[in-house]
Amino acid sequence: MRRMLWAAALPMSLWSALPVLAAPVPASAAVAEAPGELTVLHWWTSTSERAAANHVAARLAEQGLRWVDSAVAGGGGGPAVKVLNERILRRMAPKVAQLNGQSMNEWADMGLLLELDAVAQRKGWARTLFPQVLSQLSVREHIVAAPLGIHRINNLYLNLAVFRQHGIEPPTDWAGLTRAAARLRSAGVTPVAFSDEPWQVATVFEALLLGEAGPQLYRRMMVAQEWQAFEDPALERAFRRLRQWRSLSLPAGGAAGGAAERPWTELVADFAAGRAALLITGDWARGELGALGLEGGRDFDCRAVPGTAAAHLFSIDTLAMLAGDRSAQPEQEKMAELLASATVQLGYNRIKGSVPVRKDVPVDELDPCAQQSYRLFANPATPRVPSLVHRMAFGEVGKNALIETVHRFALDPAQTPAAAQRRLLGLLRALPSKPARSAAP
Ligand code: BGC
């Protein structure tokens, strides 16, 4: 791997933190970990996320490794990634960090991530893992993280009890959803659970965009990052859909009170209790519904966002090992090996709502929604498209700029979909072209 003088190679996103580098950091500032202990920085703090992390920690403990938990609350990982940046800059890096997709590039380029090529080789990852997973773990032909699970983002959840109670047939397309929403409203039910938190708004948006654009154009936008693709009318339509969808979460008749920046777990709780009937989000919500005692197929239906049924809009959770002085390398390698093992994969993903990263695990015992996601992802004919919001496409800075633009539009009723499209287009033209990576997702 190319090694650079790390300060010289400091990513754009971190220049603001440079002053802290002026003062030498005493060696004692480093996080002290006893042998066999691995501090893990992550953002899994909901009930199901915690349970999934605890499951992994218990499996590691059986092998003599101690998971020392360092969780930073905040869905989508914005705060956790900031904390990680700060800790790395202050030379207080944890041994292990949830570091997904494109956000690994900068750290890997600076030689801060342990290369796990030997583990991958020994455990036959090239043979057992899905190619998209391997690609997300690799930076410049080196494996720099261990995989946990594959999330699907383009899900539409329907609360079946609510639909039954009001005698409404669960809809399958936009026209049916609009009709159902009107009937739910007149029955006093808020049709849609929605949050104005930027990452949640943009998570809904990318699923709607996939529906309007189709996988090919979506790829031109998010994978090739061709600014010309952002001129397509599909983008304006997606903005329009976002506005309509959000409006279905607001009190009827323009009454006061908006969607508000609510944590995703509150939305899931509203949906589970029947205070809202529809929810578009990643399948971490399914993990949480499971923790609340709800079952897919019986209590709720998991469908694809209209127009996206054939496609899998994915994000992959991974844990990177911070190299440090390399004293923990044997434990870190052992952990990486265990994370990708068939047993941990099945146990963890069943709780988390995601699906295994391996091609060779029996998934018949997973719930029907998980099986559907897994089979779709496993089928080579499926268009698999990377999530922007969950770090599978753009680097951290570009991603955040796109999210901010989508969020501004959602919150500003005076901004037209056409104006929002022009803003995104301007942003794309101004962003530097995509940095090279080992393989396209
Ligand atoms: C992560 C999931 C997590 C979700 C909500 C996503 O970015 O990939 O593991 O459950 O955020 O916090």
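Conditions (1) on the phi > 0 side of the Ramachandran plot; (2) touching a Phe, Trp or Tyr at 6+ places or on another chain (Cβ under 9 Å); (3) open to solvent by less than 30 Å² (accessible area, probe 1.4 Å); (4) in a helix (DSSP H, G or I), marked per residue:
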site	(1), (2), (3), (4)
SER70	no, no, yes, no
PRO79	no, yes, no, yes
PRO94	no, no, yes, no
ASN105	no, no, yes, yes
ALA108	no, no, yes, yes
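Please enumerate the residues belonging to the range 140-154 that are among the acidic types (Asp, Glu) and surrounded by 24 or more Cβ atoms within 10 Å (Cβ to Cβ). The answer is none; no residue qualifies.
Looking only at residues of the range 384-413 that are in a loop (DSSP other than H, G, I, E, B), within 19 Å of SER195 (Cα to Cα) and not polar (S, T, N, Q), we find that the one that is most open to solvent (accessible area, probe 1.4 Å) is PRO413. Among the residues of the range 247-256, is any open to solvent by 30 Å² or more (accessible area, probe 1.4 Å) and farther than 22 Å from ARG183 by Cα? No: zero hits.
Could you tell me whether LEU84 is more than 15 Å from the ligand (Cβ to nearest atom) and in a helix (DSSP H, G or I)? The answer is no for LEU84. Among helices (runs of 4 or more DSSP H) entirely within the range 220-332, having at least 2 residues that are modelled with pLDDT of 95 or more, within 16 Å of the ligand (Cβ to nearest atom) and not acidic (Asp, Glu) singles out 264-272, 284-291.
Summed over the range 94-108, residues that are under 17 Å from the mean Cα position of the chain (by Cα) and over 22 Å from ALA53 (Cβ atoms) total 2. Considering the range 356-383, and only residues there that are charged (D, E, K, R) and in a loop (DSSP other than H, G, I, E, B), the residue that is modelled with the lowest pLDDT turns out to be GLU365.
The values are calculated or read from the model by the stated rules, or taken from the named source; none is laboratory data. Computed from a prediction, not measured in an experiment: that's the story for all the values here. Every residue, glycine among them, receives a Cβ derived from its backbone with ideal geometry; neighbour counts consider all protein chains shown. Heavy atoms of the whole protein, side chains included, go into the accessibility calculation; ligands, DNA and RNA do not. Shrake-Rupley method; radii C 1.70, N 1.55, O 1.52, S 1.80 Å.
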